[in-house]
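Trainee: I'd like to ask some things about the structure below.
No lab work stands behind these numbers, since they all come straight from the coordinates. Just so it is clear, the structure is predicted and the values come from calculations on it, not from any experiment. Cβ: placed from backbone, ideal geometry, glycine included. Neighbour counts: every protein chain shown.
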Amino acid sequence: MRSFVRILITTLTLLVAVHADAQWLKMIESSDNLYNEAKREIELKHYQKAINMCNKAIDISPKNMDIHLLLGHAFALAGKVDSARTELNYVLQKNPRYRDAYIYLVNMESQACNYLQALEYADMGLKYFPNDRDLLLKKLDIYIKMGDWIESNKLADYLFDRFSTDPYIRSVYLEYKLAVARQYSHRGYIEISKRAYEAVLEQDPLNKEALTAIYSLDIRSGDYESSLAYTNRALQSTPNSYEFLMKKVSIL
């Protein structure tokens, strides 16, 4: 009799354990499904639906930081900046090495024109992820938006030196130098503008905008020998260019 009771108790215990495990697995599966559905809703730009799904998923798995991150991202996309900031900072509080949280916060603060706050988040992320390409690029973009040409120039040069073999970094660097050159040319700083254009030509010797701009800057400053040299360089690649042939005739 006692043996039968022990067997019965053991069987009931196992059934309870199996049921508990099944319920736990069901909850995890449910939160994963909600998470994936929320991601799909974000892709469809149904941000409020995504927020609702994330909240349901968090009720099931409150310690899942991936869900909290997605909720913060959905809040930001929906324009609910305060809620997004709270949620994303909660993620960083729990896991300071969650890189995507820094990316989302920098994007959000930059779009809201809170540039100093965006820089602070970028620097926080760079402490944990030194020389992270994306964070450095976002920091460069913030400096450009702020009109801080001194810091942006330092950072652009640093990025190019460190990632010189990266085609995207190269394109960003060249476009940045062209933008700087245009700005200083517009303000009448001929020498600074010319140095920026020359930096472009060091990497792209036949860049038409840079060659044309240096020609114009040299003409403005009366440096005809320099303008002739850059015109001849342009003619090496396009010897039949009517534009540069006429420029050369004009200089001569």
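Trainee: Suppose each label sits 7 Å from its Cα in the direction of the beta carbon; what would the Asp134-Arg195 distance come out to in nanometres?
Mentor: Rounded to a tenth, the inter-label distance reads 3.4 nm.
Trainee: I've got another one for you. From the phi angles alone, apply the Karplus equation (6.51, -1.76, 1.60; θ = phi - 60°) to region 39-56 and give each ³J(HN,Hα) in whole Hz, x where the residue is Gly or Pro.
Mentor: Those phi angles translate into 4, 5, 5, 5, 4, 8, 6, 9, 5, 5, 4, 5, 4, 4, 5, 5, 4, 5 Hz.
Trainee: List the lysines whose Cα lies under 27 Å from the Cα of Lys94, skipping any in the same chain that are fewer than 8 positions away.
Mentor: Once the sequence-local lysines are set aside, what remains near Lys94 is Lys26, Lys39, Lys49, Lys56, Lys63, Lys80, Lys127, Lys138, Lys139.
Trainee: With θ taken as phi - 60° and the coefficients 6.51, -1.76 and 1.60, list the Karplus ³J(HN,Hα) couplings across region 109-126 in order, rounded to whole Hz; mark glycine and proline as x.
Mentor: Here the 3J(HN,Hα) series is 5, 5, 5, 7, 6, 8, 5, 5, 5, 4, 4, 4, 5, 4, 5, 4, x, 5 Hz.
Trainee: Same structure, new question: Spelling out what I want: for every residue of region 89-101, take phi, set θ = phi - 60°, compute 6.51 cos²θ - 1.76 cosθ + 1.60 (Karplus), and round to whole Hz; glycine and proline get x.
Mentor: 5, 5, 4, 5, 4, 7, 9, x, 9, 8, 4, 4, 5
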